Structure formats: C-alpha cells, structure tokens
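Participant: I have a structure I would like to understand better, so I am pasting it below and will then ask my questions one at a time.
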Amino acid sequence: MAITAEAPGGARAAKMRKTLLGYVPIESPFYRYHPVTRLVLFVFIGVVPIFIDMPEINFALVVLTILLLLWGKADLKRLRIYMPMIVTIAIFMFLVVFLAPGNDPTYTPVRIGPATIYYQPVFFTFASYWRLMAMLFGTILYFSTNRERDMLVALRSLKLPFIASYVVGFSIRAAGMFMEDFSTIREAEQARGLDKSALKLADQVKLYVMYLVPLFSIALRRADEISHALFARGYNFTGKVGRGDKRSDYILTKYTMTKADWAWVTGLVLAFVAAAVAEYGYGGFRLVHSPINILLRQALGIG
Amino acid sequence: MGAAIVIKNLEWKYEHTTQFALRGVNLEVEENTFLGIVGANEQGKTTLINCICGLIPHSFNGVYRGSVEIYGKPVLKMSGLEIATQVGLVFADPEAQFTAMTVEEELVFGLENTGYDLGKIKERLDWAVDVTMIGDLLDKSPYDISGGQKQRMAIACVLAMNPPIIIMDEPTSMIDPLGKQFIFDILRKLKDAGDRTIIVVEHNIEQLAPLADQLLLMQGGQISKVAPPARFFDDLPMVVGSGAYPPEVTSFAYWLKQSGRLPQEHILPYRFEDGVDVARAAFNSARKTDEPIP
C-alpha cells in the first residue's frame, strides 16, 4: 500500500510506502547510502546517548534526528502516533521521582507551592528522559527510512549468518502480521455490533484477554504454513545448499558500498568510539558539565 | 516417455483422526503431461498432492503406507531439498508460502537454497518474471500486491526453481476472474512448452479440462476416475454426484443427449468450440426430423 498525494498537475503520485512496521518514503536521499551505512547511523544515534548524561547533547541529538527525518522526506505527521508514548514516559518518570525521590541527605529540597521536590533526582530524571528520547527518535528515524529488506541486507552485509538474519526477518514479519490479525479481529467484532466504548474497564480487560485465543491459533497456523513453505522451497536450517558449498546471496549484489558510504561509516564509528572514550575515560559527558545543570545549581545556591 | 510419478497402494491417516484420508491410491503420471485433479472438498485432493511433494510424511505426523516415487526414487528416502528440486508446489493460499520481505527476495529464496550461482539465479529470475508478468512488482512487499499478483508471484517462485514437476493446489481459488484468466494463461504457456509434468487441483473444470491430458476425480480418499477429458464425462451423473461441476457445454450436450436430440454415441464435449459443433449437430438432426428445438 502506498500513501498518495495530489500532484500539481492533478496526477496522484505515491509518496510513502507501507512496511510491516510503518511507512517509509518512496524516494529519500537516505537511499543513496548502503543499508550498512544507515544501520551504523542508527547505532550511532540510538546507542551513543548511553554514553551521554548531558541533556543538552541528547536534546541536540533529537533535533538532529528530526532534521534528518525532514531531509529524508519521512512523513513527520506520522510522528503523532508516538506522542502518547513520549508523554506517558514523561508522566511516569517524573511522577515516580516526585513521589519517591529517594532518601539521600545530600539532596537539595526545592519548594514549588505546597509541594517539595528534590533537585538532584529531578534533574537526573530530566537528563535520563532526554537520553531516552534521543534513543527513541533514533529508532523512529531508522524505521521511517529503512524497509525490512534494508535491515536484512545490512545484517547480512555485516556477515551475520543467513539463518540469524532470517529469524530477524521473520520476527519483523510476525510483528506486522500480529498487528494486522489483531486489527482484523477487532473489525470483525465491530462489524457484529460490539461497542467497546460502552464496556466497563473490567470487561475491556476481559476482551483483550479473549483476543489472545484467536491470535494464538492464527499464529500457530501461520507457523505451520511457513514451515511447510520452507520445506517446499528446499530450505533447511543447517544452511546446507543443494549445489556448491556456499549459499549465494542475490539481494546483496543489488547494493554497493561507495566511497561516501565508507567515509560515513568510518566517521560514525570513530565518533562512536570517541564518545565512549570521552565518557568512560574522561567523564566528558557527565551531568556536572551540563550548562543547564550548572545554571540551575547556581540559581538554587547548590554547591 | 517414462513415469514421472508412481504411487502404489498409498494410504495416509493424519494423526488424531479416525479415518484414512487416502485409501489404496494407485497412480502413474507420465512425464511432461498435464494432470487435472478435481473433486469436492475434503475428498483427499490436497492430501494426495502433499504426498507427492513430500510434505507428507516429512512435515506431518500420521500413518503412512504404500509408496510415492518421483522419477523412481521413493519420496520417503529423499531430503526436503532433493524433493524441492524435483517438485515445485504452489499453495492454495499464496500468502501461506511467503517467507521474504520483497517479491524479488521471495523469488530468489528457493534458488539460493538449491545452491545456484548468482548468474544462474539472475537468469532463472528473469525467465520466471517474464513468464508470469510480474516485472513491475519486484521491489514491492508480497503483502502489498493484489490476490492475483500474489498467486502469479507464488507460481513464479516455483517456476524459478525449474523443477520438472509442478503442482498447483487450487491456484485460482482466492482471486478475481481476470486474475484467474492470467493463471490459466500461464498454465497454457507451461503446457505448450511441454517440458514439465504439471498437476493442478482445481474446481474450475471448465478451464482445466481443455488444458489437461488426464482428469482425475477424488472421492472419499480414493481415485474414483482417471480419464482423458474427452472420456471423463462419459458417466456425467457420477461425476456430478462426486461434487465435480462439469463445464456448461458438457451439461448442455448431456441434456441434448438425454432428450434424444443428440446421438448417444456422441462424445460429450468439454471445450466451447466443440460445444458449438455439438449444438450444430443437434440442430441439423432436429431439422431433418422437423422437430422444434425448445
């Protein structure tokens, strides 16, 4: 399925292509780069925040990711589906730290109206939240600009055994099909007059439990079908092939690592290593270096 | 021409069932011929082809008696890979056989399993794509194409592997009339090439009969009749009673015969063109006797 848009001449041109996990643009500057380069970019943006405590840098990574989404022609409107997650994470994290800040005498109390909060755990939570957001946006960027095939090509190019990349592919496929089956079952219920909004919360919970029965039976049937399909196509999990010693990988021949790819991969790997060394060797990204933290501490008179 | 498939006294009972799904099946399919299998649901058609392509007993549990031989070798003694290079199976539900993320990957998957080199893979891929006319779908996800396209893709996957025996289980059951026509066009091309043994399970006898060298009727887990299409409908009530719906032209000619407007020795037609001749013969016969045709 493709999302279409009215072109100036009146013709309808497809802009987005549906994948099992979302939508990707049909044309994107990202596609000039090898899937390995895109995977390395994902690892960089998605994993580097682990080394970085400073919220400013993680916030900058979020902004960078949004710019990359724009550049990559991803549909930013679809980011709305992540809003509930972004808000819910914030609510849970800050609620926990407001209600149960811990019991450390070095914490600095701050009065906000009738409530007392403690500066250190709140700021740490603030920093952790932006770290999570940077990782989340990195993931969104990857899945908004890479098809399932690109992911598998990247993994196989990195010499992941075929069977392992195949299992990854199946998992992605299973997730997409599970959601499709779930939506089919819900539509079937609605078609037979079920009004979920009229149900009590307890009944809604029961309803979700009831979904598991058809979903599991469908999943088992599909597993059976796939197993038969693999048999019929001569696949065996030993990786043994009919002729010759090595399994040919036709799809990999469609992609070539260019000089630009190598340059980006090298740059990103070096930046990744530099970030790890800067944090674990010199503590370069710790909270004590955060300008916001420094300003707030000065404002609150914390030494 | 030798036998591509020889089935001797085959019996099969699925695990946890009380009755045998196949009972005393004996069959010989000549190399490079087209066999159409017809019959009502639950009569053993799919079970029979699963036995030929080795899914039974390799992937199912149950009681297996007798033998199925592919080019003289028992299926029981062949590995899955070995069978796949000899027998290609197109499932009734094309989605059931998808294992990859794009149509192109799906097509080359079997070729990679058989160990072809990249040049050969490209050559086989191009040929299968050309025969099934799916060149514009290669980059798409197998889930984002129409039912007819899915079925053509499923056929292309099997064709690409170039097995000498191709089996299709109700290949048109889930698609629209135009899609069905596409599938029968492909079957016609394969039949005309004459270099493959083709077995098709199909309810649409109207389109199957003109392609088939032999038609086989399954009933109650047994082969109830095997005959060339020209003789298959000799005992039409029996065929209809077994749940196989004959071509309209055959029913019409049978009605003419029953009402005495067509000589009894006339063979029931199964092609539209032959039906026209039969109608003309009946009309001429009526003119001679001045009997009005209602």
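Participant: By what distance, in whole Å, do the Cα atoms of the protein assembly as shown stretch along each of the three principal axes, largest value first?
Facilitator: The Cα atoms of the protein assembly as shown stretch 119, 61, 60 Å along the principal axes, largest first.
Participant: Checking a compactness column here: for chain B, what do you get for Rg(Cα) / (2.2 N^0.38 Å), N being the number of residues?
Facilitator: That works out to 1.09 for chain B.
Participant: Could you list B:Met133, A:Met133 in order of exposure, starting from the residue whose Cβ has the fewest other Cβ atoms within 10 Å?
Facilitator: B:Met133, A:Met133
Participant: Do you know the relative contact order of region A:92-225, to the nearest whole percent, from alpha carbon pairs under 8 angstrom that are 6+ apart?
Facilitator: The value is 14 percent.
Participant: Collect residues whose amide H, placed 1.01 Å from N in the peptide plane, falls under 5 Å from the amide H of B:Gln219; neighbours closer than 5 in sequence don't count.
Facilitator: Residues meeting the amide H criterion: B:Ser224.
Participant: With r defined as the distance between the Cβ atoms of A:His289 and A:Met85 and R0 fixed at 25 Å, what FRET efficiency is calculated, to the nearest 0.05?
Facilitator: Approximately 0.30, to the nearest 0.05.
Participant: What lysines sit close enough to B:Lys122 to cross-link, taking a C-alpha to C-alpha distance under 23 Å and skipping anything fewer than 8 places away on the same chain?
Facilitator: B:Lys122 reaches A:Lys159, A:Lys240, A:Lys246, A:Lys254, B:Lys140, B:Lys150, B:Lys189.
Participant: Something else about it: Give the residue from B:Pro269, B:Leu137, B:His16 lying farthest towards the positive end of the charge dipole for the protein assembly as shown; charges sit on Cβ (+1 for Lys and Arg, -1 for Asp and Glu) and the dipole is referred to the Cα centre.
Facilitator: B:Leu137
Participant: Calculate how steeply helix B:118-132 sits against the longest principal axis of the alpha-carbon atoms of chain B, using the helix alpha-carbon long axis, and give the answer as 0 to 90 degrees to the nearest 10.
Facilitator: 20 degrees
Participant: For chain A, just the Cα set please: Rg and Dmax, both in angstrom.
Facilitator: Reported Rg and Dmax, both Å: 24.3, 77.
Participant: I need the semi-axes of the equivalent ellipsoid of region A:161-238: take the C-alpha gyration tensor, multiply each eigenvalue by 5, square-root it, list largest first in whole angstrom.
Facilitator: Values for region A:161-238, descending: 34, 12, 10 Å.
Participant: Additional query: Using modelled backbone amide H atoms (1.01 Å from N, in-plane), which distant-in-sequence or interchain residues come within less than 5 Å of B:Ile166's amide H?
Facilitator: Amide H to amide H, under 5 Å and 5 or more residues apart or across chains, B:Ile166 pairs with B:Gly88, B:Thr197, B:Ile198, B:Ile199.
Participant: Got the relative contact order for region A:163-303 handy, in percent, Cα pairs under 8 Å and 6 or more residues apart? Let's see the in-between values first.
Facilitator: On the way: 22 pairs, mean separation 21.5, N = 141.
Over region A:163-303, the number comes to 15 percent.
Participant: Still on this structure, I have one more. Calculate the FRET efficiency for A:Lys18 and A:Val96 from the Cβ-Cβ distance with a Förster distance of 35 Å, rounded to the nearest 0.05.
Facilitator: The calculated FRET efficiency here is 0.40.
Participant: Residue separation times 0.36 nm, minus the C-alpha to C-alpha distance between A:Arg32 and A:Phe162: what's the value?
Facilitator: Additional length available on full extension: 44.3 nm.
Participant: If R₀ is 35 angstrom, what is the calculated FRET efficiency for the pair B:Asp126 and A:Arg221, using the beta carbon separation as r and rounding to 0.05?
Facilitator: Working: r = 34 Å, r/R0 = 0.98.
Approximately 0.55, to the nearest 0.05.
Participant: Fewest first, what order do A:Ile294, B:Ile198, A:Ile172 take by the number of other Cβ atoms within 10 Å?
Facilitator: On the way: A:Ile294 12, B:Ile198 22, A:Ile172 18.
The most exposed by this proxy come first: A:Ile294, A:Ile172, B:Ile198.
Participant: For region B:139-211 and region B:233-286, write down the distance between their C-alpha centroids in whole Å.
Facilitator: Cα centroid to Cα centroid, the span is 28 Å.
Participant: Mind putting a number on the dipole of the protein assembly as shown about its Cα centre? Charges go on the C-beta only, +1 for Lys and Arg and -1 for Asp and Glu, and I need it in Debye to the nearest 20.
Facilitator: Result for the protein assembly as shown is approximately 1540 debye, rounded to the nearest 20.
Participant: Still on this structure: How many nm is it between the label spots at A:Leu270 and B:Lys8, if each spot is 7 Å from the Cα in line with the beta carbon?
Facilitator: Those two pseudo-labels are separated by 7.3 nm.
Participant: Still on this model: Please pull out the direction-averaged projected area of region B:1-155, using the convex hull of its alpha-carbon atoms, in nm² to one decimal place.
Facilitator: 10.5 nm²
Participant: Quick check: the distance between the Cα centres of region A:79-93 and region A:247-270, to the nearest angstrom?
Facilitator: 35 Å
Participant: Which is the longest run of chain B containing none of the GluC sites (Glu not before Pro) found in DSSP loop states (not H, G, I, E, B) with at most 11 other C-beta atoms within 10 Å?
Facilitator: In short, B:16-264.
Participant: Would you tell me the mean number of C-beta atoms belonging to other protein chains that fall within 10 Å of each C-beta in B:91-100, as a whole number?
Facilitator: 5
Participant: Moving to a separate point now. Among DSSP bridges having both ends in the protein assembly as shown, what percentage is antiparallel? Round to the nearest 5.
Facilitator: Values: 34 of 51 bridges.
Given both bridge residues lie in the protein assembly as shown, the antiparallel proportion sits at roughly 65 percent.
Participant: Hey, what did region B:3-246 get for relative contact order, percent, Cα under 8 Å, at least 6 apart?
Facilitator: 27 percent
Participant: Would you please give the residues with an amide H less than 5 Å from that of B:Gly62, counting only those at least 5 places away or on a separate chain, with H modeled from the backbone geometry?
Facilitator: For B:Gly62, whose amide H was placed from the backbone, the distant partners under 5 Å are B:Glu15.
Values in this text are rule-based calculations from the coordinates and carry no lab data. Because the structure is a prediction, the values reported are computed rather than measured. Neighbour counts run over all protein chains shown; Cβ positions are idealised from the backbone, glycine included.
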